[in-house]
Every structure is written in structure tokens, then in C-alpha cells.
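A quick write-up on the structure given underneath.
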Amino acid sequence: MEPTPVKHYTKDEFAAAKQQMGEQALFEVREKIYPRIVHGWFSKWRWLLVWFTQLIFYGTAWLNWNGRQAVLFDLTARKFYIFGLVIWPQDFIYLTVLLVISALSLFLFTTVAGRLFCGYACPQTVYTEIFMWVERKVEGDRTARMRLDKVPLSAHKIGLKLAKHGIWIGIALWTGFTFVGYFTPIHHLATEVLAWTLGPWETFWVFFYAFATYGNAGWMREQVCKYMCPYARFQSAMFDKDTLTVTYDAVRGEPRGSRSKHADYKNQGLGACIDCGICVQVCPTGIDIRHGLQYECTGCTACIDGCDEIMLKMGYEPGLIGYSTEHALENGLTKEQMWRRLFRARTLIYSTILLLIITAAIITLANRVPLKVNIIRDRSMPRITEMGDIDNVYKLQIMNAMEQTNKYSIEVTGIPGAKILTAQTIEVQGASDRAVPVRVQIPGGSAEVGSNKIRFIVRDEQNPAVMVSEKAVFLVPR
């Protein structure tokens with residue numbers, strides 16, 4: 001008895017068959033995407049951003065500044081070092097401003113040109129590009145990878161897969177190590193790794209970040225952009241009809257169809273699209289841009305480079321897929337008219353607000369006093385001396401936000417005859433703080449019973465312009 005031949009369905013036939021049988025899938029089974037390599041102007045820019053971001057990320061952690069790590073977020077000491085700048089907990093307003101600037105920049109870039117951040121600088125995009133480059137170098141381009149995945153397991157296939165995943169894991173571990181190196185001094189961290197004495201928290205975060213990098217860039221890839229990233233879902237709220245997006249020119253391209261390179265396609269009633277499918281083959285999320293703008297599109301512009309390559313080979317004008325706006329397509333605007341509409345009220349408002357916030361932040365940061373003072377009054381009751389004078393004790397915490405060691409003088413004002421009985425000059429190491437007890441005495445009868453306002457003035461002896469005045473309360477008993 002001969003075996004029953006197996007029928008092979010296409011994707012559309014399989015979907016139709018399921019619908020006829022009344023089967024309804026609860027979720028879409030992922031089909032592995034094999035992006036084809038593409039070359040072009042936008043591809044060069046994308047790789048330039050890959051190199052730029054990774055040189056900053058991997059390189060900055062190893063830079064030194066005044067004998068310490070140039071960029072270090074020391075959570076234990078509650079201090080952030082950014083080159084010559086020391087950020088204390090009291091300065092966290094600057095981090096808030098940084099987040100506001102980042103959010104407004106994202107709104108502005110999205111309003112002007114869609115998902116620019118996603119397509120060029122998002123860590124998911126950057127590391128996916130790096131991992132796909134490794135994959136192509138080890139397993140070959142699109143056709144070779146598809147063929148490799150279809151063949152049965154063999155020593156050759158296992159060797160290629162192990163090599164690819166080994167390189168991926170190496171990149172992921174180095175990424176996790178570098179990430180932790182921004183919170184634990186990286187030279188100390190490297191010594192601990194080499195000596196196998198890495199602490200539990202450092203170990204956890206190195207492997208956690210490495211696992212996230214390996215899983216997201218190596219395995220999940222477009223699934224992160226399509227299902228996990230919220231930006232894809234609310235990006236349309238920032239789009240309007242004058243936002244530049246990756247667009248297929250259907251008026252010029254349709255009706256699509258194959259033809260000879262030397263044929264006059266217009267006489268054949270065809271558009272410029274030869275239906276080669278290159279735009280789908282190079283897309284890292286596997287969409288067909290010819291179906292219009294879709295939330296899965298990350299704006300990576302690989303389809304633009306791929307289509308332009310085909311257009312040039314056919315002898316056609318490039319730009320069948322390119323950056324355009326809804327208004328430009330509907331009204332047939334020229335490029336000059338389209339670019340002029342980019343400077344509309346929405347983008348001008350975003351730009352103005354962003355510029356004002358950045359300017360204010362720079363001015364505030366430039367005029368920041370590199371000295372912080374916290375005052376806590378001792379809980380003990382005021383002391384009355386044999387001469388009738390009254391003493392109050394305080395704890396002054398003086399924070400030196402500069403890199404060098406400084407000496408500070410302490411004065412007290414607010415009550416006639418008030419004086420400091422303890423040391424009136426203290427020394428504080430660079431980028432550190434020091435708590436000192438201060439005893440203040442006033443003559444009896446010089447202040448009213450109860451709470452009296454006084455001020456402590458702490459001044460840099462080498463630079464008197466650096467001065468902080470803080471309020472305190474002096475208690476006079478009945």
C-alpha cells in the first residue's frame with residue numbers, strides 16, 4: 001500500500017483551510033524572519049550610529065578623570081560622577097530635567113520624522129544589528145541561513161550554531177559586564193571577575209543584563225518591537241499628516257508586476273514596482289511596506305535602500321519607497337514644499353520648549369554652587385552656663401562637590417553676640433562630605449524665650465564667592 005502523498009500548503013492556503021475547519025488560533029505562531037543584507041545610504045547611517053553608540057557605551061566606562069572613573073553611578077555612596085561633575089541626592093532635579101529633555105526630544109523627532117530613535121539608536125535595534133551581522137558572518141546571507149535551518153542536524157550545522165551562539169553569548173556577557181561597570185568601578189570589577197571573587201549582586205546583574213541582551217537581540221528580535229515595546233502602540237498619537245514616514249508611492253508603483261529590464265512598462269500598463277519582494281526580504285520585522293504605514297515598522301529604512309538598489313538596476317528613478325508625508329502623497333507636493341511644511345506650529349512649539357529647558361539647565365548647572373550644607377539641631381535641651389549664657393548644639397553636614405580638598409569657615413548670624421565655641425574652620429576632601437558638631441552660644445537675655453531664627457554661613461576660604469547660607473532655630477529655655 002503506497003503512502004498518502006503529503007500536500008504542502010502556502011501560508012494563505014493554510015489560513016483559509018483553518019477558517020473552513022472553524023479553527024481559531026488564540027495567538028499567532030511566530031515565523032522566523034531571515035532579513036536580507038542591504039547596502040545603501042541609510043544603511044551606512046544606521047551602522048554609523050551603531051559604532052557611535054557602542055564606542056560611547058563600551059569606551060566611556062574605562063575613561064579616568066582626576067584619578068577616578070570618569071562616569072560612575074555610585075549608588076552605595078549616593079553620588080553620580082560625570083567627568084568633572086558630582087551629582088548628589090540634592091541634585092537629582094538635574095536627572096529629572098534630563099528625562100524631560102529626553103522625552104521632549106523623542107516627541108520632537110517623532111513628530112518630524114516618525115520612529116527615528118527606533119530605527120537608528122534604540123538599544124534593541126543596535127544590538128539586533130550587531131547580532132544579525134554575526135549571524136551573517138557565521139551562517140551566510142538569507143538564502144544560506146534558510147537552507148541551513150531546513151537541513152537535518154549534522155556536525156557542520158551544530159558547529160555553525162555553536163559558533164554563532166558562542167559569539168552572541170560573549171557579546172552579551174561583555175555588555176552585561178560593561179553595564180555593571182557603570183555602577184561598580186570597572187577596574188575593580190574586572191579584578192574581581194579575573195579572581196573569581198565577584199559579589200552576588202554584581203554577578204546577578206551581569207548575567208541578568210547579558211541574558212536580556214542575548215534573548216532580545218538573538219532570539220526575540222522583532223517580537224520586542226511588535227509586542228513588548230509600548231512606543232509602537234502610542235506613536236500614532238504623535239504623527240500628523242506632515243510627519244515624515246517610510247512610505248511606498250502607490251501612485252507611481254501600481255499596478256505592480258514583473259517585466260523585462262528593457263521593456264517599456266508604462267505601455268504595458270504597469271507601475272514602477274516590479275514586485276520583486278526585496279522590501280519584504282530586507283525588513284527586520286517582516287512587513288510589506290506596500291500595504292501602508294504599520295505599527296510594526298520601526299523606521300529602519302532598510303526597504304528604502306533595498307528598493308533603490310533594484311530601481312537603479314532596472315534603470316528607474318529611485319525613491320519608490322522613501323521618506324514622505326501624507327499631505328505630500330495626497331496633494332503631489334514637491335520635496336521643497338514637503339520640507340517647508342515640517343516647520344509647522346507643532347514642531348516649533350516642541351523646539352522652543354526644548355531649547356528653553358536645555359538653556360535653563362545649562363545656565364543653572366554652570367552657576368551651581370559646589371557646596372551643600374545640611375543642618376540638624378541636636379535633640380538635647382539648651383544648656384545654661386554658670387555665667388547665664390545659653391548653648392545650642394547642631395550637626396552640620398558639609399558636602400564638597402568639587403574634586404579638590406577645600407577648607408570652609410563657619411559663621412553664625414541672627415542673634416546679637418552669637419558665637420561658635422567649636423572649630424570654625426573645617427577641611428573636607430574632594431567629592432565627599434563631612435559631619436561636624438557645632439556649639440553655638442549667645443549671651444543671656446539677648447534673645448526671646450522660645451524659637452529664634454539664626455543662620456549658618458559656610459564659606460570656601462580659597463574662593464569666598466562659594467558660599468551657602470542655611471537657616472536654623474536657636475531655642476531659649478524659660
Exercise. Pop the C-beta distance of ARG147 and TYR227 into the FRET formula with R0 = 22 Å and round what comes out to the nearest 0.05.
Key: 0.15
Exercise. Taking the chain as the reference, fit the longest principal axis to its C-alpha atoms, fit the long axis of helix 11-20 to the helix C-alpha atoms, and give the angle between the two in degrees, 0 to 90, nearest 10.
Key: 90
Exercise. Would you please give the residues with an amide H less than 5 Å from that of LEU371, counting only those at least 5 places away or on a separate chain, with H modeled from the backbone geometry?
Key: ALA401
Quiz item: How high is the relative contact order of segment 364-478, in percent, counting Cα pairs under 8 Å that sit 6 or more residues apart?
Solution: 29
Quiz prompt | Percent of Cα-Cα distances greater than 30 Å, calculated over the chain | solution = 65
Quiz item: Tell me, what is the percent relative contact order of segment 259-374, built from C-alpha pairs under 8 Å that lie six or more residues apart?
Solution: 15
Quiz item: What shape does segment 124-278 take by its C-alpha gyration tensor, where a ≥ b ≥ c are the square roots of the eigenvalues and a/c under 1.5 counts as rounded, a/b above b/c as prolate, and the rest as oblate?
Solution: oblate
Quiz item: Under a Cβ-Cβ cut-off of 10 Å, what is the net charge of the residues other than ARG346 that fall near it, where Lys and Arg count +1 and Asp and Glu count -1?
Solution: -1
Quiz item: When only Cα pairs under 8 Å and 6 or more residues apart are kept, what is the percent relative contact order across segment 385-428?
Solution: 38
Self-check item: Helix 123-139 vs. the chain, principal-axis angle (Cα, 0 to 90°, nearest 10)
Solution: 50
Practice problem: Go through segment 93-104 residue by residue and turn each phi into a ³J(HN,Hα) via Karplus (6.51, -1.76, 1.60, θ = phi - 60°); whole Hz please, and just put x for glycine and proline. | Solution: 4, 5, 5, 5, 4, 4, 5, 5, 4, 4, 5, 5
Self-check item: Pairs beyond 28 Å (Cα-Cα), from LYS44/LYS313; LYS44/LYS79; LYS44/LYS266
Solution: LYS44/LYS79; LYS44/LYS266
Exercise. Please give the net charge around LYS150, taking every other residue with its beta carbon less than 12 angstrom from that of LYS150, where Lys and Arg add +1 and Asp and Glu add -1.
Key: +3
Quiz item: Using modelled backbone amide H atoms (1.01 Å from N, in-plane), which distant-in-sequence or interchain residues come within less than 5 Å of PHE73's amide H?
Solution: TYR81, PHE183
Practice problem: Return the sequence-ordered ³J(HN,Hα) values of segment 340-354 in whole Hz as given by the Karplus equation 6.51 cos²θ - 1.76 cosθ + 1.60 applied to θ = phi - 60°, using x for Gly and Pro. | Solution: 5, 6, 5, 8, 9, 4, 4, 6, 5, 5, 4, 5, 5, 4, 4
Self-check item: Kirkwood-based shape ratio for segment 371-476, expressed as Rg/Rh from alpha carbons
Solution: 1.00
Self-check item: With Cα atoms, 0 to 90° folded angle of helix 302-314 axis to the chain main axis
Solution: 40
Self-check item: Net charge, ILE37 excluded, C-beta distance under 9 Å - Lys, Arg +1, Asp, Glu -1
Solution: +2
Quiz item: Tell me, what ³J(HN,Hα) does each residue in segment 372-386 have, in order and in whole Hz, if you take phi through Karplus 6.51 cos²θ - 1.76 cosθ + 1.60 with θ = phi - 60° and put x for Gly and Pro?
Solution: 10, 9, 10, 10, 10, 7, 5, 6, 5, 5, x, 10, 9, 7, 4
Practice problem: As a check on your grasp of the helix formula, calculate [θ] at 222 nm for the chain: sum -39500 (n - 2.57) over DSSP H runs of n ≥ 4, divide by the residue count, round to the nearest 500. | Solution: -12500 deg cm²/dmol
Exercise. State the number of lysine pairs found in segment 103-242 whose Cα atoms come within less than 18 Å, restricting to pairs 8 or more positions apart or on distinct chains.
Key: 5
Self-check item: Directionally averaged projected area (convex hull, Cα atoms, segment 236-347), nm²
Solution: 7.4
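We did not get these values from a lab; they are worked out from the coordinates using the rules stated. Since the structure is predicted, the reported quantities are computational estimates derived from the model, not experimental observations. FYI the Cβ positions are ideal-geometry reconstructions off the backbone, even for glycines, and counts take in every protein chain you see.
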